[in-house]
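Take a look at the structure set out below.
The values are calculated or read from the model by the stated rules, or taken from the named source; none is laboratory data. These numbers were taken from a predicted model, which means no experiment stands behind them. Note that each Cβ is placed from the backbone with ideal geometry, even for glycine, and that neighbours are counted across all protein chains shown.
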Amino acid sequence: MTALLAISDLHIGYEENRRIVEDLRPGDPSDWLLVAGDVSEQVADLEWALSLLSHRFAKVVWAPGNHEMWTHPADAVQLRGEERYRHLVKVCRALGVVTPEDPYPTWTGPGGPVVIAPLFVLYDYTFRTPQAATKDEALALAYARDVVCTDEILLHPEPYASLDAWCAVRVAETERRLAALPPGVPTVLVNHYPLVREPTRVLRRPEFAIWCGTERTADWHLRFNARAVVYGHLHIPRTTWHDGVRFEEVSLGYPREWRPRSTPPGRLRQILPVP
């Protein structure tokens, strides 16, 4: 039976993860695949992986993660910020992969019809611990406890003044597009970061949550009639429910994370029909 499937955080810079991606295949030729970011830090690797997957799956939908947005010194493409994002969109479009800048496709298979909405909204340091009332306090606390996301070095916001300023622009534009959908149309929202704060509360280092989303999206799963929300980033694959809506964290993650697990790595999560 045809299915809407999902995975994220492939991190194919690790050879073991690259081999897992090489083995990913649909159960049916008409399956769609949602890729919720962090394929690789390097554009050539992203292109390789999405090209491979787009030749196997009937449709591939991509939402960027923070690693794709890094300007890594080892990457041949040294574009930054918005310019880098637009370049990645062009790469995906050349492969036939749906991006957050494209018309939202409609899944008409089992469990449909639903609109599939890939999102790129970043984060704005609002997932703070109780000890921090402001972004500056949250960053100072994280640095003091040696919890610092590499984004602070490699993810550049140009032409915006800061990542939270860029986030505000992305949230406004994405909200406008989602609000333009016909009233009541069911959706599957695909974002690299969780749209609500709750999934981050299991982090071993709670200070890291400031790099994991924005409070501005806290009601989107309700406002935009989500049948499911697909995300990654946390590397804690699981299913949770928030306000009666299913949230699927679909990360593969780093080899050191997936090796100890009893489930085989690289299993695609079925989003629709509901398992």
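Here are some notes:
- Candidate set from segment 61-71 (those that are in a helix (DSSP H, G or I) and touching a residue at least 40 places away in the same chain (Cβ under 8 Å)); member that is surrounded by the most Cβ atoms within 10 Å (Cβ to Cβ): M69
- Verdict on I236 being surrounded by fewer than 20 Cβ atoms within 10 Å (Cβ to Cβ) and either of a type in the set (A, V, I, L, M) or within 14 Å of the chain's Cα centre (by Cα) (or both): yes
- Among (1) surrounded by 14 or more Cβ atoms within 10 Å (Cβ to Cβ); (2) without any contact (Cβ under 8 Å) to a residue 24 or more places away in the chain; (3) under 30 Å from A165 (Cα atoms) - the single one E257 does not satisfy: (3)
- Extreme residue, farthest from the chain's Cα centre (by Cα), among residues of segment 120-172 that are of a type in the set (K, R) and surrounded by fewer than 17 Cβ atoms within 10 Å (Cβ to Cβ): R145
- Unique residue being touching a helix residue (DSSP H, G or I) at 6+ places or on another chain (Cβ under 7 Å) and more than 18 Å from L155 (Cβ to Cβ) when the list is R56, R128, R84, R93: R128
- Of everything in segment 173-193 that is within 20 Å of R84 (Cβ to Cβ) and in contact with a helix residue (DSSP H, G or I) (Cβ under 9 Å, 6 or more places away or on another chain), the residue that is surrounded by the most Cβ atoms within 10 Å (Cβ to Cβ) is H192.
- Subset of segment 160-179 [without any contact (Cβ under 8 Å) to a residue 24 or more places away in the chain and in contact with a strand residue (DSSP E or B) (Cβ under 7 Å, 6 or more places away or on another chain)]: none
- Residue match in segment 72-84 (condition: more than 29 Å from A168 (Cβ to Cβ) and part of a loop (DSSP other than H, G, I, E, B)): yes
- Some residue of segment 195-204 being over 20 Å from D9 (Cβ atoms), modelled with pLDDT of 95 or more and part of a loop (DSSP other than H, G, I, E, B): no
- Filter result (crowded, with 21+ Cβ neighbours inside 10 Å, in a helix (DSSP H, G or I) and without any contact (Cβ under 8 Å) to a residue 60 or more places away in the chain) within segment 1-60: L46, A49, L50, L53
- Segment 89-99, subset in a loop (DSSP other than H, G, I, E, B) and in contact with a Ser or Thr (Cβ under 7 Å, 6 or more places away or on another chain), residue nearest to R227 (Cα to Cα): V97
- Identity of the residue in segment 41-66, in contact with a Lys or Arg (Cβ under 9 Å, 6 or more places away or on another chain) and of a type outside the set (A, V, I, L, M, F, W, C), that ends up farthest from V188 (Cα to Cα): D45
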